[in-house]
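Quick notes on the structure that follows.
The values are calculated or read from the model by the stated rules, or taken from the named source; none is laboratory data. Not measured: the values here are computed from a predicted model. A quick note on method: Cβ atoms are made from the backbone with ideal geometry, for glycine too, and the neighbour counts reach across all protein chains shown. Protein only, heavy atoms only, side chains kept; ligands, DNA and RNA dropped before computing areas. Shrake-Rupley method; radii C 1.70, N 1.55, O 1.52, S 1.80 Å.
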Amino acid sequence: MAEEPSPADVEAGLLAHLNSAGEVPDSRSFASSLGVSHLELEGVIKSLSAFRIVDSTDIIKETWVLTDEAKGYAVKGSPEAQLVAAIPPDGASKDALKAKLGDAFDVGMKAAARNKWIGFEKGNKDLVLRKVENVKDELQEQLKRLENGEVVPDKVIDDLKKRKLITKEKSIWYSLKKGPEFVVKRKTLATDVTTEHLRSGDWKGLEFKDYNYGAQGQPIAKGYVQPLMEVREAIENIFIMMGFTEMPTNNFVESRYSQFAGCKGPYIPNTACDCCFFASFWNFDALFQPQQHPARDSHDTFFLKAPAATRQLPEDYLEKVKQIHQSGGYGSKGYGYDWKRDEAEKNLLRTHTTAVSTRMLYKLAQEKPFAPKRYYSIDRVFRNEAVDRTHLAEFHQIEGLICDYGLTLGDLIGVLEDFFSSLGMSKLRFKPAYNPYTEPSMEIFSYHDGLKKWVEVGNSGMFRPEMLLPMGLPEGVNVIAWGLSLERPTMILYGIDNIRDLFGPKVDFNLIKSNPLCRLGL
Ligand code: FB9
């Protein structure tokens, strides 16, 4: 079996032929004359053209090619002809014909009926009768003619197209001439000076390939930033530009350690630590969220078995929180229920980073004289929720708050306009909402030009006096705050449809590698 000519042989054959014949009118026939596929010759032509050794002119022809189904009919006859041929003089049942013709049955029946080649007995729709003795299978003929590259009338082409029996195929081949740099044998250009060249001295006669200064270097195998972390950084920069400082969400004042990610300390069994898990007190009670609030049961919140409770809560402050829940104060009538300390001591995985805001505001209240503050946090929160395309049992909450004298809802709307416009969301709308710890509260909506719809982009409100005054914050000091998730903007910015592709074991690394730097409003 003749050895498959190598590209070098093909090149030599082509250059020799051009040298003698001066041109190659049809690269297809030349390829078959060399016994190589047109694709192989195409490679050599492209390379020789690049060096202008050969001039190639494209010849493009769009031809109709038969689909596999049509190729079958060209051999076995059209489905309608096959059907008629399968009907004995006294007719045949549909099932019998279906068994015989398979997929061709349905299309055959329709076409044969259309051609009035078949009929049915009155009242017996199942018996198929022949209406013609023999049929002229024009379809098969037309398909064969097309296969032989013959031209067929446009009407036929339209019918065949309608029956999805042909598709347009663009075939391209070349006519070739000698190029301005034509040579019979291309000098292989050296790409390197090797010790061999130096030792043999033949480097003197070498011709070197031009350097392609535009060539891309080797892709650097480097690390990639998880999209969430990229958006996190972009949003952090926005907060910092707006004069906010980050709240420590991984370890806090009284630093005791635990086994949770992000904790720096060694794990000491049965001693509580304040990183991701918290006493319910900071996550709920201090936020004036009543103990029978539905969010406080294990359907929504992950409570800890060990350490199950925190014994160390600031006694005097705890007393004030108890009061405000049980019987009110500061002009509030409170909830009037029997507040339980052990409920507040239950350890849980924080359900929102607002629990960190609570601590920071309490700490701020202890610092005299009061100094206004702008705080932000971006970290994991945990909710015992049903997992779906946009929700996991944990997500990253972004929270911002400003604590200062005389802050109003207008200030909140203003700072939200600034914040979200930096995220590229300029058109905002606010919908009254309810949170146990803010009054008034607003859901935030932004019109997303890409999605052509209003998207809920967060929640916000003014922390209730029942939350702030027991902490010891001065009268007249208000706190405006808002929150959103990190996952939602990241999914929208990276066009990720399912949160599982963004976070967790099924993250698609190519998505991370192939994604440009996040261009968030910056
Ligand atoms: O992130 C959310 N939506 C969002 C945000 C940005 C975004 O950017 C795109 C590039 C354009 C797109 C969408 N949401 C908040 C709104 C919804 O997705 C919501 O269905 C889901 N929410 C989470 C909670 O789910 C139970 C997002 C999460 C959320 C909700 C509220 C807060 C924080 C996170 C809060 C708060 C708060 C309120 C008052 C005071 C302090 C904090």
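Among the residues of segment 62-91, those that are open to solvent by 10 Å² or more (accessible area, probe 1.4 Å) and either under 30 Å from Val183 (Cα atoms) or aliphatic (A, V, I, L, M) (or both) comprise Val65, Leu66, Val75, Ala81, Ala85, Ala86. Is one or more of the residues making up segment 388-398 within 19 Å of Met242 (Cα to Cα), modelled with pLDDT of 95 or more and within 11 Å of the ligand (Cβ to nearest atom)? Scanning segment 388-398, I find at least one residue that is within 19 Å of Met242 (Cα to Cα), modelled with pLDDT of 95 or more and within 11 Å of the ligand (Cβ to nearest atom), so the answer is yes.
Say whether the condition of being open to solvent by 20 Å² or more (accessible area, probe 1.4 Å) and closer than 16 Å to Asn283 by Cα is met by at least one residue in segment 365-373. Spell out the reasoning first.
Restricting attention to segment 365-373, the residues satisfying the condition of being open to solvent by 20 Å² or more (accessible area, probe 1.4 Å) are 366-373.
Now restrict to residues that are closer than 16 Å to Asn283 by Cα: none.
Among the residues of segment 365-373, not one is open to solvent by 20 Å² or more (accessible area, probe 1.4 Å) and closer than 16 Å to Asn283 by Cα, which makes the answer no.
Ala96 meets each of the listed conditions (1) free of Cβ contacts under 8 Å to residues at least 24 places away in the same chain; (2) closer than 25 Å to Lys161 by Cα apart from (2). The conditions of being within 8 Å of the ligand (Cβ to nearest atom), in the same structural domain as Tyr434 (by the TED database) and either part of a helix (DSSP H, G or I) or more than 19 Å from Pro372 (Cα to Cα) (or both) are not met by Pro470. If you take the residues in segment 424-443 that are near the ligand (Cβ under 8 Å from one of its atoms) and either of a type in the set (Gly, Ala, Ser) or touching a helix residue (DSSP H, G or I) at 6+ places or on another chain (Cβ under 7 Å) (or both), which one is farthest from Arg488 (Cα to Cα)? If we take residues in segment 424-443 being near the ligand (Cβ under 8 Å from one of its atoms) and either of a type in the set (Gly, Ala, Ser) or touching a helix residue (DSSP H, G or I) at 6+ places or on another chain (Cβ under 7 Å) (or both), then Tyr437 is farthest from Arg488 (Cα to Cα).
Give me the pairs: first residue in segment 377-392 and open to solvent by less than 30 Å² (accessible area, probe 1.4 Å), second residue assigned to a strand (DSSP E or B) and more than 10 Å from the ligand (Cβ to nearest atom), beta-carbon distance under 9 Å, and six or more apart or on different chains, which are they? What qualifies is Ser377/Glu246; Ile378/Glu246; Val381/Leu349; Val381/Glu394; Phe382/Phe277; Phe382/Leu348; Phe382/Leu349; Phe382/Glu394.
The single residue among Glu439, Glu456 that is under 22 Å from Ala286 (Cα atoms) and free of Cβ contacts under 8 Å to residues at least 40 places away in the same chain turns out to be Glu439.
For segment 327-379, enumerate the residues that are more than 36 Å from the chain's Cα centre (by Cα), in a helix (DSSP H, G or I) and under 30 Å from Phe395 (Cβ atoms).
Asp342, Glu343, Ala344, Glu345, Arg359, Met360, Leu361, Tyr362, Lys363, Leu364, Ala365
For the criterion of being in a helix (DSSP H, G or I), open to solvent by 50 Å² or more (accessible area, probe 1.4 Å), out of contact with any strand residue (DSSP E or B) (no Cβ under 9 Å at 6 or more places or on another chain) and without any contact (Cβ under 8 Å) to a residue 40 or more places away in the chain, Asp106 passes.
State whether one or more residues within segment 324-335 are within 23 Å of Ser460 (Cβ to Cβ), in contact (Cβ under 8 Å) with a residue 12 or more places away in the chain and within 11 Å of the ligand (Cβ to nearest atom). Checked segment 324-335: no residue is within 23 Å of Ser460 (Cβ to Cβ), in contact (Cβ under 8 Å) with a residue 12 or more places away in the chain and within 11 Å of the ligand (Cβ to nearest atom).
Report yes if Arg383 is away from the ligand (no atom under 11 Å from the Cβ) and closer than 26 Å to Leu349 by Cα, otherwise no. Considered against the rule, which asks whether it is away from the ligand (no atom under 11 Å from the Cβ) and closer than 26 Å to Leu349 by Cα, Arg383 comes out as no. For segment 154-175, a residue qualifies if it is at pLDDT below 90 and open to solvent by less than 100 Å² (accessible area, probe 1.4 Å), and the qualifying residues are Glu169, Ser171.
A quick yes/no check of all residues on (1) in a loop (DSSP other than H, G, I, E, B); (2) among the aromatic types (Phe, Trp, Tyr); (3) free of Cβ contacts under 8 Å to residues at least 40 places away in the same chain:
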| residue | (1), (2), (3) |
| --- | --- |
| Asp411 | no, no, no |
| Arg429 | no, no, yes |
| Tyr434 | no, yes, yes |
| Leu451 | yes, no, no |
| Ser460 | no, no, no |
| Asn478 | no, no, no |
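All conditions in (1) at pLDDT below 90; (2) farther than 15 Å from Lys178 by Cα; (3) surrounded by 12 or more Cβ atoms within 10 Å (Cβ to Cβ) hold for Phe51, with the sole exception of (2).
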